[in-house]
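Student: Below is the structure I would like to discuss, written out as C-alpha cells.
The values are calculated or read from the model by the stated rules, or taken from the named source; none is laboratory data. Keep in mind that this is a model prediction, so the values were computed, not measured. Please note: Cβ atoms are built from the backbone with ideal geometry, for glycine as well, and neighbour counts cover all protein chains shown.
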Amino acid sequence: MNRKLLAIITILFTVSLSTYYYLWYSDPLNSVTESPYLTPTIIKRMQIMVDDTPEELPNELRSITIARGEFPSWFRLAKGHTTETLFEFVTYQLVYDVGYSIIDPVHSKALHDTMIWAYDYDEEAYNKMQKSLEKAHQIYFTHEHWDHFAGAFNTELFDKIKHVIYVSKAQRNSDMMASMKDGFISLSQLDKVNVIDNKGLYKISPGVVLFNVPGHTPGNQGMYIKLKNGTEILLVGDIAYSMANITLEVGKPRISSHIILGEDSEAVNSQIKSLIRIKNEFPNIHIVPAHDIPNNRKLVEQGIIKKGLH
Ligand SMILES: [Zn+2]
C-alpha cells in the first residue's frame, strides 16, 4: 500500500476513534462542577418554604404510564454502561383535600407515532388522563418538550383548561416553543395561559416548590414536593433519564445530550453531579427522573407514588 494512503487511513481511524470516545464513551461528569441551581442550601430552603402550612400539604402523588419508547443505553449513560432500554412517559397528579394538580400531561398517540423510538401506547390511559385534566385546579410542566407538554395543548380540551395551565416565563419565552409548534402547539395558545415569573424558588401550591434548572431546555424546572405524611420527592424531569446516572455516578453522553437533544450538556451534567450529592446528603428525598421505569415501579411498590389517576 502506498504510504500516503496508509497515512490517510491512519488519520481517519484516529479521528473516528477520538470522536467516538469523546461523544459516546467519555464521561462529561469528569469535567464539570456541581450546579449552582441545585445545591444542598437550595434544598434546605425549599424544605422550609413548604413547612409553613403543614395542614394544607398534598395527600398523595399519583402517576399514570401512557406510553413507552425504546432508547439505546448510550442515550442515557456514558462509559458504555448498559441499562433497561425502555423509557416510559408518565403524567403525575398531586392530590389535595380539595382538588388536584396535574404535572406533565403526556402527548397523544398521533404524536407518539411520529417518535423514532416509539414502543407502545396506552390509549385508555391517555383518555383517563384527559378526563382528569378537565377537573384539575392547576396544570404545570417540568419542561417544554412535547412528551411533557402536549397533553394540555394538543387537545380539544384546551379552551376548557387554559385558565388552570401555568407555564414559567422561561418556558413561555423558550426557543423550543417555536421548534415544537409544527408538532402540536400554536404559539398564540401561550397568550391564553398563566405565565409565572419564577426567577428564584416559587411555591406554586402548598407542598410544591419549583426551582429553575435550565440545561435540558431553557425552561427546565424541577419540583420539590412534600406530602402530608412527610414523604419528600424531587421530580427532576429529564435532567437524568435514569437513576443509574446518579447511583453509578455516570453522566449523560455528549452524543445524546449535546448533539441529538441540543441540551446545554455542561449544565445538565453539572446538575447530575448535584443530584449525586443530594442523594447522599438527603437520603430521605426520593429522586424521580421522569422516564425511568424500574425507579418509578419501585416507588409505586413502596407506596411513595400511587398508581393511576383520580
Ligand atoms: Zn421527556
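Student: Take the residues of the range 141-166 that are touching a strand residue (DSSP E or B) at 6+ places or on another chain (Cβ under 6 Å) and at pLDDT 95 or above: which is farthest from Asp264 (Cα to Cα)?
Tutor: Residues of the range 141-166 touching a strand residue (DSSP E or B) at 6+ places or on another chain (Cβ under 6 Å): 142-143, 147, 152, 164-166.
Subsequent filtering for residues that are at pLDDT 95 or above retains 142-143, 152, 164-166.
Values: Thr142: 16, His143: 14, Ala152: 26, Val164: 30, Ile165: 27, Tyr166: 24 Å.
Selected residue: Val164.
Student: Related question: Please find, within the range 124-156, the residue that is nearest to Met177 (Cα to Cα) out of those that are out of contact with any Ser or Thr (no Cβ under 9 Å at 6 or more places or on another chain) and surrounded by fewer than 16 Cβ atoms within 10 Å (Cβ to Cβ).
Tutor: It comes out as Glu156.
Student: Sticking with this one: Are any residues in the range 246-298 touching a Gly at 6+ places or on another chain (Cβ under 7 Å) and more than 30 Å from Ser16 (Cα to Cα), and if so, which ones? Working first, answer last.
Tutor: Let us first name the residues in the range 246-298 that are touching a Gly at 6+ places or on another chain (Cβ under 7 Å), namely 263-264, 267-269, 271-272, 290.
Scanning the range 246-298 gives a single hit, Ala290.
Student: Let me ask something else about it. Please specify each residue of the range 283-292 satisfying the condition of being under 24 Å from Gln93 (Cβ atoms) and away from the ligand (no atom under 13 Å from the Cβ).
Tutor: We begin by selecting, within the range 283-292, every residue under 24 Å from Gln93 (Cβ atoms); these are 284-292.
Within the range 283-292, Asn284, Ile285, His286, Ile287 qualify.
Student: Please determine, by comparing only the residues of the range 62-105 that are among the aromatic types (Phe, Trp, Tyr) and not in a strand (DSSP E or B), which one is nearest to His291 (Cα to Cα). Walk me through how you get there before you give the answer.
Tutor: Pass one, the range 62-105, residues among the aromatic types (Phe, Trp, Tyr): 71, 74-75, 87, 89, 92, 96, 100.
Next, from what is left, pick out any that are not in a strand (DSSP E or B): 71, 74-75, 96.
Working: Phe71: 11, Trp74: 15, Phe75: 12, Tyr96: 25 Å.
Residue satisfying both the conditions and the ranking: Phe71.
Student: I need the full set of residues from the range 1-40 which are closer than 30 Å to Ile285 by Cβ and either under 22 Å from the mean Cα position of the chain (by Cα) or aliphatic (A, V, I, L, M) (or both), in order please. Before you say what the answer is, go through the steps one by one.
Tutor: We begin by selecting, within the range 1-40, every residue closer than 30 Å to Ile285 by Cβ; these are 26-40.
Within the range 1-40, Asp27, Pro28, Leu29, Val32, Thr33, Glu34, Ser35, Pro36, Tyr37, Leu38, Thr39, Pro40 meet the criteria.
Student: Additional query: Of the residues that sit in the range 252-293 and are surrounded by fewer than 14 Cβ atoms within 10 Å (Cβ to Cβ) and not aliphatic (A, V, I, L, M), which one is modelled with the lowest pLDDT? Give the derivation first.
Tutor: Initially, the range 252-293 is screened for residues surrounded by fewer than 14 Cβ atoms within 10 Å (Cβ to Cβ), giving 259-260, 262, 280-281, 283-284.
From what is left, the residues that are not aliphatic (A, V, I, L, M) are 262, 280-281, 283-284.
Working: Gly262: 84, Asn280: 97, Glu281: 98, Pro283: 97, Asn284: 97.
So the residue we want is Gly262.
To keep it simple, each residue is scored yes or no on (1) farther than 16 Å from Ala78 by Cβ; (2) under 15 Å from the mean Cα position of the chain (by Cα).
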| site | (1), (2) |
| --- | --- |
| Gly207 | yes, no |
| Pro253 | no, no |
| Gln271 | no, yes |
| Glu301 | yes, no |
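Student: Select from the range 89-140 the residues that are away from the ligand (no atom under 16 Å from the Cβ) and acidic (Asp, Glu) and write down the one among them that is farthest from Phe153 (Cα to Cα).
Tutor: Per the stated criteria, the residue is Asp97.
Student: Pairs please, first residue from the range 145-167 and in contact (Cβ under 8 Å) with a residue 24 or more places away in the chain, second anywhere and among the charged types (D, E, K, R) and outside any helix (DSSP H, G or I), Cβ atoms under 9 Å, 6+ apart in sequence or on different chains.
Tutor: Qualifying pairs under 9 Å: His145/Asp238; Asp147/Asp104; Asp147/Asp238; His148/Asp104; His148/Asp238; Phe149/Asp104; Gly151/Asp104; Val167/Glu144.
Student: Now a separate question. Find the residue count for the range 265-282, including only residues that are out of contact with any helix residue (DSSP H, G or I) (no Cβ under 6 Å at 6 or more places or on another chain) and within 16 Å of the ligand (Cβ to nearest atom).
Tutor: Selection size over the range 265-282: 1.
Student: In addition: Scan the range 76-97 and give yes if some residue there is more than 30 Å from Glu249 (Cβ to Cβ) and free of Cβ contacts under 8 Å to residues at least 60 places away in the same chain, otherwise no.
Tutor: yes
Student: Would you pick out the residues in the range 1-45 that are small (Gly, Ala, Ser) and either outside any helix (DSSP H, G or I) or out of contact with any helix residue (DSSP H, G or I) (no Cβ under 9 Å at 6 or more places or on another chain) (or both)?
Tutor: Once the filter is applied, which keeps residues that are small (Gly, Ala, Ser) and either outside any helix (DSSP H, G or I) or out of contact with any helix residue (DSSP H, G or I) (no Cβ under 9 Å at 6 or more places or on another chain) (or both), the range 1-45 yields Ala7, Ser16, Ser18, Ser26, Ser35.
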